[in-house]
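Engineer: Below is a structure I'd like to ask you about.
The values are calculated or read from the model by the stated rules, or taken from the named source; none is laboratory data. As the structure is a prediction and not an experimental result, all values here were calculated from the model. No Cβ is skipped: glycine too gets one built from the backbone with ideal geometry, and neighbour counts run over all protein chains shown.
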Amino acid sequence: MSITPAPSLVSVVVVNWDRREMLRECLASLERQTWPELEVIVVDNGSRDGSPEMVAAKFPRARLIRNRENRGFCAPNNQGIQAARGRYVALLNNDAEAEPRWIEELLKAFQLGDEVGMAASKILVWENRGAIDKAGHLIYADGQNRGRGSGEPDRGQYDRLEETAWPDGCAAMYRKEMLERIGGFDEDFFAYADDAELGLRARIAGWRCYYVPTAVIFHHHGSTLGRFSAQRMILIERNRMWLAAKLFPWRLLLLNPFYFALRVAAGAYGTMVGSGEAARFSGARGTWLLIQCLLKANLAALAGLPRMLAKRREVARIRRLSAGEVCALLRRYRIRLRDLSLK
């Protein structure tokens, strides 16, 4: 059942799984927001650390939705989006803290036109607040994606209000009307690359996104599964293939194995010289673990490939950009191979 949105109300959805203390700080930062009309929706994924009880006791104004099990990132966010009463829906990771004007600043993006459906935050690293975590999103030609400026010192190089590909789901705002038209997160993805899939789908449907540098977030990077966990690697690799199969123009999709091979080669070089994420898997044991992750991810991606290809027909019903325009969009926001594999 569709809920008529309140014009000035912003709904913030926070998904949690066994991160009570981080969640406490996250919700406290939302209580400090300068935007007066705010509803907070916490969707808990079966936490056993007392998180739901803490929310009920310390943040009684927050709406709490409790799941019996860990449903990942996509499904609980969809639950929160469906329950949201605001015209705009913001997502905030439970391991992130927002500066007081975060909501108020993000809303400025939607004043730039009715076709603006998404707004991206300036996300800094919580442990090193002078470092960029993400300032918008970039994507490689095989579907792998990463935050713009990730790991760079914050010297003001991303301090301009400008269009970007799409927001990172860690700290994003969406026009609820857009989500109702194109659908929410693809729950097959479970977690990782889901924000890129939603963002690219929205762009294909004709919506735009702006990056707002004054909307600042501090994020504990990779705290959910661990930045270099095997499960995280498998989900990232599987989902980038699913994203490509579902959304990429055929001319680019057919080249996917070629671009994937280039990225693997660059990662192998990074391992040898000690650069990039692949370098964390150095040594015989680490290399074998990385190979296992890639094999498992590819097998899982192939198993779900017919389902993703079938979803291309669903995307066709909302399409506003031609295949050529999508390719141009991906080129415009393409991450360099060096930045993806060696940083």
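Engineer: How many residues are in contact with a helix residue (DSSP H, G or I) (Cβ under 9 Å, 6 or more places away or on another chain), closer than 17 Å to residue 256 by Cβ and loosely packed, with under 15 Cβ neighbours inside 10 Å if we restrict to the range 313-343?
Structural biologist: 1
Engineer: Based on what the data block shows, is residue 45 assigned by TED's automatic domain parsing to the domain that holds residue 168, within 19 Å of the chain's Cα centre (by Cα) and of a type outside the set (A, V, I, L, M)? Outline the logic, then answer.
Structural biologist: Working: assigned by TED's automatic domain parsing to the domain that holds residue 168: yes; within 19 Å of the chain's Cα centre (by Cα): yes; of a type outside the set (A, V, I, L, M): yes.
Spelling it out, residue 45 is indeed assigned by TED's automatic domain parsing to the domain that holds residue 168, within 19 Å of the chain's Cα centre (by Cα) and of a type outside the set (A, V, I, L, M).
Engineer: Separate question: Considering each of 24, 71, 66 in turn, give the residue that is farther than 24 Å from residue 179 by Cβ and either in the same structural domain as residue 87 (by TED's automatic domain parsing) or touching a strand residue (DSSP E or B) at 6+ places or on another chain (Cβ under 6 Å) (or both). Talk me through it step by step, then tell me what you get.
Structural biologist: Numbers: 71 fails: farther than 24 Å from residue 179 by Cβ; 66 fails: farther than 24 Å from residue 179 by Cβ.
After applying the criteria, what remains is 24.
Engineer: While we're here: Just checking, which of 340, 290, 243, 330 is under 16 Å from residue 193 (Cα atoms), modelled with pLDDT under 95 and in a helix (DSSP H, G or I)? Reasoning before the result, please.
Structural biologist: Working: 290 fails: under 16 Å from residue 193 (Cα atoms); 243 fails: modelled with pLDDT under 95; 330 fails: modelled with pLDDT under 95.
Being under 16 Å from residue 193 (Cα atoms), modelled with pLDDT under 95 and in a helix (DSSP H, G or I) holds for just one of 340, 290, 243, 330, which is 340.
Engineer: Same structure again: Out of everything in the range 42-63 that is in contact with a strand residue (DSSP E or B) (Cβ under 9 Å, 6 or more places away or on another chain) and free of Cβ contacts under 8 Å to residues at least 24 places away in the same chain, what residue ends up being surrounded by the most Cβ atoms within 10 Å (Cβ to Cβ)?
Structural biologist: Kept after step one, since they are in contact with a strand residue (DSSP E or B) (Cβ under 9 Å, 6 or more places away or on another chain), are these residues of the range 42-63: 42-47, 51-52, 55-56, 59, 61-63.
In the following step, the residues that additionally are free of Cβ contacts under 8 Å to residues at least 24 places away in the same chain were identified as 52, 56, 61.
Numbers: 52: 19, 56: 13, 61: 10.
Here the answer is 52.
Engineer: Among the candidates 141, 165, 131, single out the residue that is over 17 Å from the mean Cα position of the chain (by Cα), within 28 Å of residue 184 (Cα to Cα) and among the small types (Gly, Ala, Ser). Walk me through it before giving the result.
Structural biologist: Numbers: 165 fails: over 17 Å from the mean Cα position of the chain (by Cα); 131 fails: within 28 Å of residue 184 (Cα to Cα).
After applying the criteria, what remains is 141.
Engineer: Just one of 227, 146 is of a type in the set (D, E, K, R), closer than 30 Å to residue 21 by Cβ, modelled with pLDDT under 95 and touching a helix residue (DSSP H, G or I) at 6+ places or on another chain (Cβ under 7 Å); which is it? Even if it seems obvious, please write down each step before you answer.
Structural biologist: Working: 227 fails: touching a helix residue (DSSP H, G or I) at 6+ places or on another chain (Cβ under 7 Å).
Sole residue among the options that is of a type in the set (D, E, K, R), closer than 30 Å to residue 21 by Cβ, modelled with pLDDT under 95 and touching a helix residue (DSSP H, G or I) at 6+ places or on another chain (Cβ under 7 Å): 146.
Yes/no matrix, rows are residues, columns are (1) of a type in the set (A, V, I, L, M); (2) over 22 Å from residue 9 (Cβ atoms); (3) touching a Leu at 6+ places or on another chain (Cβ under 6 Å); (4) buried (at least 16 other Cβ atoms within 10 Å of the Cβ):
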position: 93; (1), (2), (3), (4): no, no, no, yes
position: 102; (1), (2), (3), (4): no, no, no, yes
position: 116; (1), (2), (3), (4): yes, no, no, yes
position: 126; (1), (2), (3), (4): no, yes, no, yes
position: 131; (1), (2), (3), (4): yes, yes, no, yes
position: 138; (1), (2), (3), (4): yes, yes, no, yes
position: 158; (1), (2), (3), (4): no, yes, no, yes
